[in-house]
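Below is one structure, written out as structure tokens; comments come after it.
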Amino acid sequence: DAPTTVHWHGLRITDQMDGSPMVMSPIAAGAAFTYDFVVPDSGTYWYHTHYHQIEQFERGLYGALVVHEARAPVFSAERVVVIDDIRLDADNQVAPFQNSGPDVGAGRVGNLLLANGRKAPAVANIPRGAIERWRVVSATNALGFGLRVRGGVVRVIATDGGIVPAPWTLTRVEIASGQRYDLEVRPEPGAVEVVLEALIFVTNSAGQVVESPFPLLRASVAGEVTAQEPVYPTVVLPSVDATPTRHLTWELSGLSDNGVVRFTINGQSTYVGEGEHVTLDTFTPGEPVAITLSADVSPAHPFHIHGQFFQILARNGVPVTDEPGYRDTVEIRGRDKVTILGRFENPGQWMVHCHISEHSERGMMADILVGDVPAHGH
Ligand code: C2O
Ligand code: CU
């Protein structure tokens, strides 16, 4: 009974089909809108509401999207695990939404982990000798966590933007809200189960904050198969050593405006539905631009750029080597200064925002223009 739009997170489609409420009017309850686009890139993506997100997101308006490679590597099985944390009250209803306090400061965190919309873990069987592809999507509102696999020999083969040039062995990887990782999973010799786990900070009974593992997917090892080695397409990404033509800074912040919390990018806020929005920067398609993101509010901001990919160059000026691959979302932790390199190629008007709904809907949102396009208004 509410209006909505659908955003295809990560897909480099046209801005008209992107579901941005800055570009399209929300679809009224009972009305229909046909999204019509051609998927340009293979990879693991997702779709979600982009309207009244604080509530619609928490209530589950999201799902995974898989775009297969033109010559897709063959696996014994492919699995998709969409992770969310929902906050339920004592009657197992979605708990009331808060307008102040930690939910606004840090973003709403749940009290129940979901895997594909059901109480985690999802369960499966995996035969000895199998080589599987597990596509992991984080649809949490704010919760970032570590990912690891027990009982498996695992490599990371893809990030937000698809297959990486050089798969790497997974011991643990951090996943922020909105990010995706594809894992190549083989049962370890002698393992009885292979378990995908989230490593999450929780307060224990002694009041200490400790990191604890929570199972997301529990695969029992049963049976045996012989699998062929998957053949990955050759992927070459643009060099991160290119000299950027410009170096921009985007400062994430917040303030209290007559007692109302407002979040900002470079001091400005965008509110959906108010007709006015901020154009942060304009890009020439393909030009290498470095952007340094920083924050002085909240524990973390998973920052997302619509319709484009980028690479993560540095954290606090130190080159990053463990976050390779094309991304559309990057975690800005604490007071970190994170530098990304974009060669935005997809023309149009694109949203950039923190993926924590409490932040984006309170202003931590803007548009960028790529190419010679007029800004639309809604
Ligand atoms: Cu997944 Cu504008 O967001
Ligand atoms: Cu944020």
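What follows is calculated from the coordinates using simple rules that are stated; it is not laboratory data. Predicted model only: the values in this text are computed from it and were never measured. Because the Cβ atoms are built from the backbone with ideal geometry, glycine has one as well, and the counts that use them run over all protein chains shown.
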- Note on the structure: Going from the fewest other Cβ atoms within 10 Å to the most, one would list 322, 367, 103 as 322, 103, 367
- Task: List the residues whose amide H sits under 5 Å from the amide H of residue 144, counting only those 5 or more places along or on another chain, with H placed 1.01 Å from N in the peptide plane.
- Result: none
- Item | About the Cα centre, charge dipole magnitude for segment 256-359 (Lys/Arg +1, Asp/Glu -1 at Cβ), debye | 240 debye
- Between residue 75 and residues 5 or more places away or on another chain, the pairs with built amide H atoms under 5 Å apart involve none
- Message: If amide hydrogens are placed 1.01 Å from N in the peptide plane, which non-local residues have theirs closer than 5 Å to the one on residue 157?
- Response: 182, 183, 184
- Query: So what are the ³J(HN,Hα) numbers for segment 241-256, from phi and the Karplus equation (6.51, -1.76, 1.60; θ = phi - 60°), rounded to whole Hz, Gly and Pro as x?
  - Reply: 8, 4, 7, x, 6, 9, 10, 9, 10, 10, 9, 8, 8, x, 7, 9
- Task: Mind jotting down the distance between the C-alpha centroids of segment 164-232 and segment 109-128, whole Å?
- Result: 12 Å
- Item | Cβ-based exposure ranking for 357, 239, 294, 205, in which fewest neighbours within 10 Å come first | 205, 239, 294, 357
- Size of electric dipole in segment 174-225: Cβ of Lys, Arg +1 and of Asp, Glu -1, about Cα centre, debye, nearest 20: 160 debye
- Stretchable slack from residue 335 to residue 71, in nm (0.36 nm times residue separation minus alpha-carbon distance): 90.8 nm
- Query: Per-residue ellipticity at 222 nm for the chain, helices alone: DSSP H runs ≥ 4 residues times -39500 (n - 2.57), over residue total, nearest 500 deg cm²/dmol?
  - Reply: -500 deg cm²/dmol
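So which chymotrypsin sites (Phe, Trp or Tyr not before Pro) in segment 208-316 end up in coil per DSSP with only 16 or fewer other C-beta atoms within 10 Å?
Working: sites: 250, 263, 271, 283, 303, 309, 310; in loops: 271, 309.
Sparse-neighbourhood loop chymotrypsin sites (Phe, Trp or Tyr not before Pro): 271.
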- Task: Please give the FRET efficiency for residue 260 paired with residue 192, using the beta carbon to beta carbon distance and R0 = 56 Å, rounded to the nearest 0.05.
- Result: 0.55
- Residue by residue through segment 64-69, which ³J(HN,Hα) values in whole Hz follow from phi under the Karplus form 6.51 cos²θ - 1.76 cosθ + 1.60 (θ = phi - 60°), with glycine and proline marked x? 8, 10, 10, 10, 6, 4
- the chain, Gaussian network, Cα under 10 Å: of 224, 197, 361, the residue fluctuating most is 224
- Net charge dipole size for segment 311-378 [Lys, Arg +1 and Asp, Glu -1 on Cβ; Debye, nearest 20]: 260 debye
- Message: Could you derive backbone 3J(HN,Hα) for segment 4-11 from the dihedral phi with the Karplus parameters 6.51, -1.76 and 1.60 (θ = phi - 60°), listing whole Hz in sequence and x where the residue is Gly or Pro?
- Response: 7, 9, 10, 9, 9, 5, x, 6
- Would you list 9, 247 from fewest to most Cβ contacts within 10 Å? 247, 9
